[in-house]
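Below is one structure, written out as structure tokens, with a few remarks after it.
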């Protein structure tokens, strides 16, 4: 009797941000899709409170990620853990980003692993500091990616793929699933 060859899982990898959330869908070493979810503060324009605007932006990110997860049947998530903040608004955004990612873990039962920006740079380039261009070049050497030519989009996508590479190098679970 012939055994079925297991297929590799479909992974959603994220560089979460409240303004430009980079993501990629990856299976093994093949990049299936990439994108960026952009939200902008519009409290004044919409004549609503900042907290309500933050909720609107959060909802937009969740809805767009949900579409990606369903469309590609993502069964695992890796993400960059937000770190440090320059002010109170940035600290709030960090908390929202973590909440968004953890909601998919809890409500959709999709396993989630967090990696630091330093983990991604270290795995990809062997050091803790790098320019956005160096990260993009490192990612380009590993994966076939169709770059858009828009700096903020390509940087966010490259960061999400650097996080995926860190997971490939460090996650026992991902190593097992991708064997």
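Bear in mind that the values in this text are calculations on the coordinates, not laboratory data. Note that the structure is a prediction, hence the values are computed from the model and not measured. Glycine gets a Cβ as well: all are built from the backbone with ideal geometry, and neighbour counts include every protein chain shown.
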Roughly speaking, what is the stretch gain from residue 169 to residue 87, that is 0.36 nm per residue apart minus the C-alpha to C-alpha distance, in nm to one decimal?
-> 26.2 nm
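Rounded to the nearest 0.05, what FRET efficiency do residue 75 and residue 129 have when you use their Cβ-Cβ distance and R0 = 35 Å? Intermediate values should be presented prior to the final figure.
Numbers: r = 33 Å, r/R0 = 0.95.
Between residue 75 and residue 129 the formula returns 0.60.
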Give the span of the chain's Cα atoms along each principal axis, as three whole-Å numbers ordered largest to smallest.
-> 65, 38, 28
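Run the numbers on the chain and let me know its relative contact order in percent, using alpha-carbon pairs under 8 Å that are six or more apart.
On the way: 270 pairs, mean separation 49.8, N = 179.
Taking the mean separation of contacting Cα pairs over the length of the chain, I get 28 percent.
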Considering the alpha-carbon set of segment 4-85 alone, what are its Rg and its Dmax in angstrom?
-> 15.4, 57
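What's the exposure ranking of 127, 54, 108, going from fewest to most Cβ atoms within 10 Å? Can you show the working numbers first?
Working: 127 10, 54 19, 108 14.
Placing the least packed residue first, the sequence is 127, 108, 54.
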DSSP-defined antiparallel bridges as percent of all bridges, segment 10-177, nearest 5 = 65
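When a footprinting reagent is the concern and you count Cβ atoms within 10 Å, what order do 115, 150, 76, 143 take, fewest first?
Numbers: 115 23, 150 11, 76 20, 143 17.
Listing 115, 150, 76, 143 from fewest to most nearby Cβ atoms yields 150, 143, 76, 115.
As a footprinting exposure proxy, order 159, 140, 52 by other Cβ within 10 Å, with the fewest listed first.
On the way: 159 27, 140 14, 52 11.
If I rank by nearby Cβ atoms, fewest first, I get 52, 140, 159.
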Separation in nanometres of the label points that stand 7 Å from Cα toward Cβ, at residue 152 and residue 137 = 2.5
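What do the square roots of 5 times the Cα gyration tensor eigenvalues come to for segment 71-120, in whole Å, largest first, as semi-axes of the equivalent ellipsoid?
Details: eigenvalues 103, 38, 11 Å².
Those come to 23, 14, 8 Å.
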